[in-house]
Amino acid sequence: LKFIFGPSAVPALDLVDQRSVTRVTSPSGRTAYQVLGSSGKLYTCYSSCHFCTCPAFGFTVLQKNESLLCKHILAIYLSQAMGACQELTVSEEQLTSILLAEEEDEG
């Protein structure tokens with residue numbers, strides 16, 4: 001994994017081991033992921049469009065184009081493959097609040 005994904009592999013595996021990945025689903029089937037980062041901050045990620053709200057994703061993936069993903073996105077993919085995702089079902093309103101809270105944090 002380290003050969004393919006570089007420096008993100010080991011920290012991503014640590015996140016999976018710590019069961020830091022939660023799949024958040026609403027009754028309509030909308031899904032987002034929340035990953036508790038090593039710093040203790042909760043990041044919202046979207047595997048469907050390959051996006052994470054962490055600063056590393058914005059810098060190394062979007063700005064510098066040095067990597068394909070951050071450790072949080074990789075942790076999502078690994079936890080899905082290993083069946084290690086926490087599951088959380090929320091109302092449509094709760095999911096909307098989760099998504100809007102991320103936008104407010106960034107703005």
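The values are calculated or read from the model by the stated rules, or taken from the named source; none is laboratory data. These figures come from a predicted structure and were not determined experimentally. No Cβ is skipped: glycine too gets one built from the backbone with ideal geometry, and neighbour counts run over all protein chains shown. All accessible areas refer to the heavy atoms of the entire protein, side chains included, with ligands and DNA or RNA removed. Shrake-Rupley method; radii C 1.70, N 1.55, O 1.52, S 1.80 Å.
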(request) List every residue pair whose Cβ atoms sit under 7 Å apart, with the two residues 6 or more apart in sequence or on different chains, where the first one lies in the range 62-83 and is within 13 Å of Gln18 (Cα to Cα) and the second, anywhere, is open to solvent by less than 60 Å² (accessible area, probe 1.4 Å) and among the small types (Gly, Ala, Ser). (result) His72/Gly37; Ala75/Ala12; Ala75/Ser20; Ile76/Ser47; Leu78/Ala12
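Kindly indicate the residue of the range 1-40 that is basic (Lys, Arg) and in contact (Cβ under 8 Å) with a residue 12 or more places away in the chain and also least open to solvent (accessible area, probe 1.4 Å) among those meeting that condition. Steps first, please.
Pass one, the range 1-40, residues basic (Lys, Arg): 2, 19, 23, 30.
From what's left, in contact (Cβ under 8 Å) with a residue 12 or more places away in the chain: 19, 23, 30.
On the way: Arg19: 112, Arg23: 83, Arg30: 102 Å².
For the range 1-40, the residue satisfying everything is Arg23.
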